Amino acid sequence: MKKYLPLLLALSLVANAALVITHFRGAPAKTPAIRISADKKAGRDAANAAAAAVMSAAPDETELVALHEKLVASGIPPEVARDVTRALLWKPLQDRQRAMIEAKNAGKPYWQQTRAGKQQLTAAERAELRAISEQIEARAASLFPGEYNSRATTRYGFLPADKAAAIYQLQRDYANMTEGVAEETSLFRVPSDNASRKLLREEQRRDLEAILSPAELAEYDLRHSPAAAELRKRFAALPDSTEAEYKTAYAIAQSLNESKNDPAAQKLAAQQLRDLFGPERYTEFLRANDSDYAALQGAAARFDLPAATVEKVYGLRDQAVSLSQQIAADKSLSQSEKQQALRTLASQMRADVRNNLGDEIGNAYLNKNMTWLESLSKGNVLNSSATGKISSKPVPAAKKTGSGNKQQKGANKSAKGKTGKTRK
């Protein structure tokens, strides 16, 4: 057993492997339709060639299968033997990446060395690592086909097995390309980078539509679309929720996304959700994705704060919105007086947070949360949308009264008359 101990220590590499190499309706799984320039194609070919050279020195599939069988025959549990085999399979990638990073400081005196990381690799080096990863993934899928097929089935079990495998591989392809864009733009970004990301998303969607029927695509979106991911965060706070509630809320969220800049649509969606969940559960639904509330819960868990304290501090946001609007509507105050009152309100809110949480916790909380206080401190009035999002706007200037306007007009006429007489 001691002989295999170093191999067992490498099991952290297990999480790196994931790919399904299967066929969709008898043909190879659809590959992304992204078109690349001649220069990029040449770079990809060079990366593939470099990766092939690295993999040529690694154990091939026959050797890995033989090793797996020997480990099992020696009495090692099959699942451990599989993990050891997988670790050896992924070791070339780990070794190559380490060598690349270490080379960044090679030959430099200690005072010029920096903590090198993957972000310091060149585009060609990153492309080579991705190519190595892709080749290892292909071997892994061949060695452990049942394991990778089961992952596809687990994630996309609502689809037929062949389509689940095709979608799983498609997502892996796009994940690799998205990672490549992220690495390439990590040190410096330009506006066209957004176009690259948008193109990837659009092509990915077209490829999904080419594989799935409209009904299957609807089921996919219900589980894996960005809107679904956002909605599931909120439903995590509703352990008693039902699938029917989720589907209804998803439909409401979809309609809201289509008219998200329409206040009337937001108000309607909020009322529909409130009717769906009831007042108390709707409040929990809104809070579930609020960073201020999440931070308060984290502080409460760490420092054993009472639930009443969390509610009191979080409730300050509603108080701030209400009081700021009262100040803005007070006709007895001038615009400058309203702005000063709003700044005073912001200071009072901060003091209330510290009084409830204590100075250390309160200051740490205010440092990253309740960011709307900054706008309130500048003399702006707050507003809360139907979905609980806080915004701000400047205090409107005081309007002149009708009598004041008449007096001003009279004064202008008088001045004009006097000017005319003087000229005569």
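The values are calculated or read from the model by the stated rules, or taken from the named source; none is laboratory data. All values derive from a computational prediction rather than experimental measurement. Glycine gets a Cβ as well: all are built from the backbone with ideal geometry, and neighbour counts include every protein chain shown.
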Search result, residues across the stretch 131-157 that are surrounded by 13 or more Cβ atoms within 10 Å (Cβ to Cβ) and outside any helix (DSSP H, G or I) = F144, Y156
Per-region count, the stretch 370-424, residues on the phi > 0 side of the Ramachandran plot and modelled with pLDDT under 50 | 0
Scanning the stretch 163-221 residue by residue, the ones that are more than 19 Å from the chain's Cα centre (by Cα) and among the hydrophobic types (A, V, I, L, M, F, W, C) total 15
For the stretch 319-346, pairs from a residue that is within 15 Å of T371 (Cα to Cα) and touching a residue at least 60 places away in the same chain (Cβ under 8 Å) to a residue that is in a helix (DSSP H, G or I) and among the basic types (K, R), with Cβ under 8 Å and 6 or more apart or across chains, are none
Has the stretch 155-168 got at least one residue that is of a type in the set (S, T, Y) and out of contact with any helix residue (DSSP H, G or I) (no Cβ under 6 Å at 6 or more places or on another chain)?
-> no
Yes or no: D193 surrounded by 12 or more Cβ atoms within 10 Å (Cβ to Cβ), at pLDDT below 90, touching a helix residue (DSSP H, G or I) at 6+ places or on another chain (Cβ under 8 Å) and assigned by TED's automatic domain parsing to the domain that holds L159?
-> yes
Test A227 against the criterion of being surrounded by fewer than 17 Cβ atoms within 10 Å (Cβ to Cβ) and closer than 30 Å to R82 by Cβ, and give yes or no.
-> no
Is it true that A103 is loosely packed, with under 15 Cβ neighbours inside 10 Å, within 30 Å of A215 (Cβ to Cβ) and without any contact (Cβ under 8 Å) to a residue 24 or more places away in the chain?
-> no
Residues in the stretch 314-339 that are surrounded by 17 or more Cβ atoms within 10 Å (Cβ to Cβ) and either out of contact with any Phe, Trp or Tyr (no Cβ under 8 Å at 6 or more places or on another chain) or part of a loop (DSSP other than H, G, I, E, B) (or both): how many?
-> 8
Do you know which of the residues in the stretch 290-299 that are free of Cβ contacts under 8 Å to residues at least 60 places away in the same chain and surrounded by fewer than 17 Cβ atoms within 10 Å (Cβ to Cβ) is farthest from K247 (Cα to Cα)?
-> G298
Those residues of the stretch 73-130 which are in a loop (DSSP other than H, G, I, E, B) and basic (K, R) amount to K104, K108, R115
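Tell me, please, whether a residue that is within 30 Å of D45 (Cβ to Cβ) and free of Cβ contacts under 8 Å to residues at least 40 places away in the same chain can be found in the stretch 167-177.
Yes, that holds for at least one residue.
Yes or no, residue by residue, for (1) within 29 Å of L121 (Cβ to Cβ); (2) in a helix (DSSP H, G or I); (3) at pLDDT 90 or above:
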position: D173; (1), (2), (3): yes, yes, no
position: K198; (1), (2), (3): yes, yes, yes
position: R201; (1), (2), (3): yes, yes, yes
position: L208; (1), (2), (3): no, yes, yes
position: L231; (1), (2), (3): no, yes, yes
position: E245; (1), (2), (3): no, yes, yes
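Scan the stretch 189-222 for residues that are in contact (Cβ under 8 Å) with a residue 12 or more places away in the chain and farther than 22 Å from M177 by Cβ and report the count.
Adding up the residues that qualify gives 3.
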Would you be able to tell me the number of residues in the stretch 316-368 that are under 19 Å from A300 (Cα atoms) and polar (S, T, N, Q)?
-> 4
Find all pairs meeting these conditions: Cβ atoms under 6 angstrom apart; at least six residues apart or on different chains; first residue within the stretch 253-267 and under 14 Å from K389 (Cα atoms); second residue among the small types (G, A, S) and outside any helix (DSSP H, G or I).
-> Q266/S385; Q266/A386; K267/A386
Restricting the search to the stretch 359-369, which residues are out of contact with any Lys or Arg (no Cβ under 7 Å at 6 or more places or on another chain) and buried (at least 16 other Cβ atoms within 10 Å of the Cβ)?
-> I361, Y365, N369
Filter the stretch 326-346 down to residues that are of a type outside the set (G, A, S) and in contact with a Leu (Cβ under 7 Å, 6 or more places away or on another chain), then give me how many there are.
-> 3
